[in-house]
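The values are calculated or read from the model by the stated rules, or taken from the named source; none is laboratory data. Given the structure is predicted, the values throughout are model-derived calculations rather than measurements. We place every Cβ from the backbone using ideal geometry, glycine too, and count neighbours over all the protein chains shown.
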Amino acid sequence: MGRNAEGHGLGMSFLTVTVVSATAEVWSGEASMVVARTTEGEIGILAGHEPTLGVLAAGEVRITTADGQKVTAQAEDGFLSVDNNQVTIVAGLAEITS
């Protein structure tokens with residue numbers, strides 16, 4: 001475990017991620033990274049990311065879970081919100097593909 005400038009231990013921070021479609025929650029859990037396609041381009045999100053709101057473009061949302069597994073969802077017609085290590089992806093259509 002590393003140490004910051006003040007000598008305090010640095011623990012591993014995770015994101016709390018929720019992916020929902022218009023009809024149901026598709027996936028939720030802790031993740032170390034989320035990559036999604038927005039209308040502005042692809043965005044990668046790690047713990048500590050600044051608050052962000054983006055419009056989703058049709059495409060993959062790739063999630064690396066806290067234990068290193070990969071989860072892929074197809075999502076379109078929605079938005080992505082990041083605030084205080086909480087990532088919420090709300091899409092008209094969303095489904096897990098792997």
* Asked: How do the pairs read when you match residues in the stretch 8-30 that are in a loop (DSSP other than H, G, I, E, B) and at pLDDT below 95 with residues anywhere that are of a type in the set (Phe, Trp, Tyr) and buried (at least 16 other Cβ atoms within 10 Å of the Cβ), using Cβ under 8 Å and keeping only pairs 6 or more apart or on different chains?
  -> none
* To do: Test GLN69 against the criterion of being free of Cβ contacts under 8 Å to residues at least 12 places away in the same chain and under 21 Å from MET12 (Cα atoms), and give yes or no.
  => yes
* To do: Kindly indicate which of GLY68, GLY44 is over 10 Å from the mean Cα position of the chain (by Cα) and either surrounded by fewer than 15 Cβ atoms within 10 Å (Cβ to Cβ) or of a type outside the set (A, V, I, L, M, F, W, C) (or both).
  => GLY68
* Which of the residues spanning the stretch 80-98 are exposed (fewer than 14 other Cβ atoms within 10 Å of the Cβ) and within 21 Å of HIS49 (Cα to Cα)? -> ASP83, ASN84, GLN86
